[in-house]
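The structure appears below as structure tokens.
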Amino acid sequence: MVISEDARTAIDAEIRKYPQRRGALLPALHIVQKELGHLAPETARELAEIFEIKPVDVMEVVSFYNMFYAEPQGRHHVHVCTNLPCSLRGARGLMRKIEAHLEIDAGETTKDGRITLGHEECLGACAYAPMMRIDETYHENLDLEEAKRILDELE
């Protein structure tokens, strides 16, 4: 089994909150991802058994929402907003320089497993661009040196 007993207990508690078992699938995905870091096919099979659905049904939900990950992730998620307003203020150039600094492309994880880098379509802080979100913290009005300093301090 991939899903721990503690996670299974939490999932069962969520299931009891819903009139239909499948209503607890999203909370269950959050519980399992928090514990394992991502939602692999073997995890989907176990969840499918719990929810009496097919594994593909679980993976459809995982692939639909950008908050779920089917692949292992870094300890920190770094997202640079690259939509038009942010790009006009240098975000795409900053992203390319961050990729070079970390020696990865967007969508990849550093060799040490510290950072998974990604684009974000909109972080809702256009007036403070360029900016990035690290986990749940926003860093605004960035230049390359400040971005590098912040990234290099992540453990």
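Does GLY107 meet the test of being part of a loop (DSSP other than H, G, I, E, B), under 30 Å from PRO41 (Cβ atoms), touching a Lys or Arg at 6+ places or on another chain (Cβ under 6 Å) and not acidic (Asp, Glu)?
no
If GLY74 meets every condition in (1) surrounded by fewer than 16 Cβ atoms within 10 Å (Cβ to Cβ); (2) at negative phi apart from one, which number is that one?
Result: GLY74 passes all but (1).
Only one residue in ARG133, ARG96, ARG149, ARG92 is part of a strand (DSSP E or B) and either on the phi < 0 side of the Ramachandran plot or touching a Gly at 6+ places or on another chain (Cβ under 7 Å) (or both). Which one?
ARG133
Matching residues to (1) within 29 Å of HIS101 (Cα to Cα); (2) out of contact with any Gly (no Cβ under 8 Å at 6 or more places or on another chain); (3) without any contact (Cβ under 8 Å) to a residue 60 or more places away in the chain:
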| position | (1), (2), (3) |
| --- | --- |
| GLY23 | no, yes, yes |
| LEU47 | no, yes, yes |
| ILE50 | no, yes, yes |
| VAL62 | no, yes, yes |
| ARG75 | yes, no, no |
| LEU84 | yes, yes, yes |
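Hey, can you tell me all the residues within the stretch 127-155 that are surrounded by fewer than 16 Cβ atoms within 10 Å (Cβ to Cβ) and either touching a residue at least 60 places away in the same chain (Cβ under 8 Å) or touching a Pro at 6+ places or on another chain (Cβ under 7 Å) (or both)?
Scanning the stretch 127-155 gives LEU154, GLU155.
Quick note: the coordinates plus some simple rules give every number you see, no bench work behind them. As the structure is a prediction and not an experimental result, all values here were calculated from the model. Counting neighbours? That spans all protein chains shown, and the Cβs are built from the backbone with ideal geometry, glycine included.
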